[in-house]
Each structure stands twice: as C-alpha cells, then as structure tokens.
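The values are calculated or read from the model by the stated rules, or taken from the named source; none is laboratory data. Remember, predicted model here, so these are calculated numbers, not experimental data. Positions of Cβ are generated from backbone atoms using ideal geometry, with glycine treated the same way; all protein chains shown enter the neighbour counts.
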Amino acid sequence: MSVRQDTIFQQFLLPLFGNVLVDQEALKQFKHSINWEEESTRLTNPCVSYPDYYHSQNFHGIKGGYLNSEAPVSYDPITQYVLPPTEPIVRQGLIDRIRVKPRRILDLGCGTGSTTLRLKQAFPEAEVIGVDLSPYMLVVAELKAKKAGLKIQFHHANAEETGFPDASFDLVSASLLFHETPPDVAQTITQESFRLLQAGGEMIVLDGNQQTLRQTEWLTEIFEEPYIKAYAAASLNAWMTQAGFAQVQTDDWWWVHQISQGIKPIVKNTSTSTRSQTQVSYNKPEIDSSAGRPAPA
Ligand SMILES: C[S@@+](CC[C@H](N)C(=O)[O-])C[C@H]1O[C@@H](n2cnc3c(N)ncnc32)[C@H](O)[C@@H]1O
C-alpha cells in the first residue's frame, strides 16, 4: 500500500503540529538526549520478527512507522491534542472500567507507556508488564516509568504471539492498538489475550469508536492510519466473543472512543456418578463490586 500525500493529516495537521502546537526545540533536545542506537539495541529482542503490515507502512506521517526515533519523540506531544476531550480523561476511562482486582497486568502495544503507567498507579501492588513491537517506543516508556518512580517491565514482543505462558495474567489491556492493525491481526491478538488470561481474568480495550468511525468517514481520513477503515468496519465485540470471552460489552466513550471489555469464563468440572459435566461460570469472586471506579490492588 503506498503512502497517500493528500490526507487531512498530511496537508493540515502535520504542518500545524510541526510549527504551532509542538515545541520543536524541546523535541530536538529530547531526541538528542538519548543514545537511540544503544538504547533500542538494548531493548531489542533478536527473536522478534516484524510482520509485513508493521514495517511496510507509515503511521501518522512518520516514515518507517514506529521503527525509528522520530515516532517516540513526537508521539506524546501530538497525542495530547488528538484524544478529545483530553488525553488524561480518555485514558482514565479505561482504568475506571476495570472490573477485576489484578495481580499481573499485561499492556499490549504499550507504546510510550502512557496507559501502562496509569495501570501501575491504579494497581501499585500488581506486577505490570508492557509489550510493544517497537524498541524505540519502549525506550521512552522505560524512561517515563523511571521518572515517575514506577516499577514496570517493558518487553519487545509481538502482541500476536507474546511468548508468555498460558493463564499467566489476570488483566490484559490494549489502548489505541487495534485501529493500527489489520483485522486478522486484531483477531489473533484477541485470541492471544484469551490464552494469556487465567479464568475470571479480564481483557479491556480502549480505541476508536467503530460505530462513530463508520458513520463519519472524514474521521478515518484525518490521521495517516492505513488500517483504520478496516478496523471501523469490524466489531471488537465480535472479535472478543469469537475468542471465547463472556460478558462482552463495548461502551461509547466521548463519542469518538470506545471501551470494550470481556471476562474469560471459569470452566468448572463437576463429576457426577453417571457422567462428567462441564459448567461455564461467568462470575468471578475477585470481580470488583465497585466497577466503574478504580479498584484498589
Ligand atoms: C497508537 S500506538 C498506542 C500506544 C499506547 N498503547 C498508547 O495508548 O498510547 C500503537 C502501538 O502499537 C504498537 N504495535 C502495533 N502492532 C503491534 C503488535 N503486533 N505487537 C505489539 N505492538 C504493536 C506500535 O508499535 C505502537 O507503539
């Protein structure tokens, strides 16, 4: 797929971010304060190979997508302007809807760690791990966690195949990841999330509102997002249900965002004298009864 030069992003927003909204001098200083080659090499897992969809595309006008230092340097300064009403409100929406009290959290496609840090702040006792395909994004995520005094592990991994053992987490999250992946990849990531969760664990996803995006085509044109139309045409609810999740729901969040969540059912084996029965239970004792507010760890 070739890169379009006529998007609203290319024509209007990129120059605006480049000249008005973002302090270019501060960005330059930040960029030069890091030895990118050394740091990205330190974080690179040589076993990771990049899927075609990932390295063949530009995202948000950045050539080479996320596999260079331009991406993490510009990501946070731009993202603060593109999540209405405000970035903190939008991200906090995911945290506030978490229904379980997690002890091990995995944040998929964690990028520069903006949501990962909030997860650790909300659940300070939990072990929190962020994974991303870009070692460059992870460099900034690590720096931010260190600066905030938060102990978070960051791993270079593909969310489609993370390499973590089955049932090793009780919360898997993804923010702003799925609109950047082709639908078959999003489905694989949802299945991987199901595998990684223990029974009763929760998957929660913050992303663009698929219904709004379907009805408002110009929104899909704003940013240079190669897979957003396919994402809009699909349904996170359906992906999660097909993967095996129960209690699946998607709520609108400030019109342009949505938060989807589902619970991995608990399968109970009840043996009777005549036959063995399998029951699927959708209730988990550790589910937080005060759902809608941040749960203490
Ligand atoms: C729009 S950013 C979102 C970052 C962060 N979660 C946030 O909320 O700001 C998308 C991130 O997903 C990562 N990504 C895309 N495909 C991935 C995959 N298959 N596995 C892991 N990370 C992936 C990109 O490298 C990028 O950092």
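Brief remarks follow.
- Residue within the range 150-164 that is within 20 Å of I204 (Cα to Cα), of a type in the set (A, V, I, L, M, F, W, C), touching a residue at least 24 places away in the same chain (Cβ under 8 Å) and in contact with a Cys (Cβ under 8 Å, 6 or more places away or on another chain) present: yes
- Hits in the range 123-139 - residues which are within 9 Å of the ligand (Cβ to nearest atom) and charged (D, E, K, R): D132
- Residue among E38, E70, E87 that alone is modelled with pLDDT of 95 or more, among the charged types (D, E, K, R) and closer than 19 Å to L176 by Cα: E87
- The range 115-140: number of residues that are part of a helix (DSSP H, G or I) and without any contact (Cβ under 8 Å) to a residue 40 or more places away in the chain: 5
- Of all residues making up the range 74-91, the number that are under 26 Å from Y136 (Cβ atoms), of a type outside the set (K, R) and in contact (Cβ under 8 Å) with a residue 24 or more places away in the chain: 11
- Any hit, the range 166-182, residues being more than 21 Å from I95 (Cα to Cα), among the β-branched types (V, I, T) and free of Cβ contacts under 8 Å to residues at least 60 places away in the same chain: no
- Scanning the range 224-251 for residues that are touching a Leu at 6+ places or on another chain (Cβ under 8 Å) and of a type in the set (S, T, Y) yields a count of 2.
- Residues of the range 131-171 that are surrounded by fewer than 20 Cβ atoms within 10 Å (Cβ to Cβ) and of a type in the set (S, T, Y): S168 alone.
- Single unsatisfied condition, T190 versus (1) of a type in the set (S, T, Y); (2) in contact with a strand residue (DSSP E or B) (Cβ under 6 Å, 6 or more places away or on another chain); (3) buried (at least 22 other Cβ atoms within 10 Å of the Cβ): (2)
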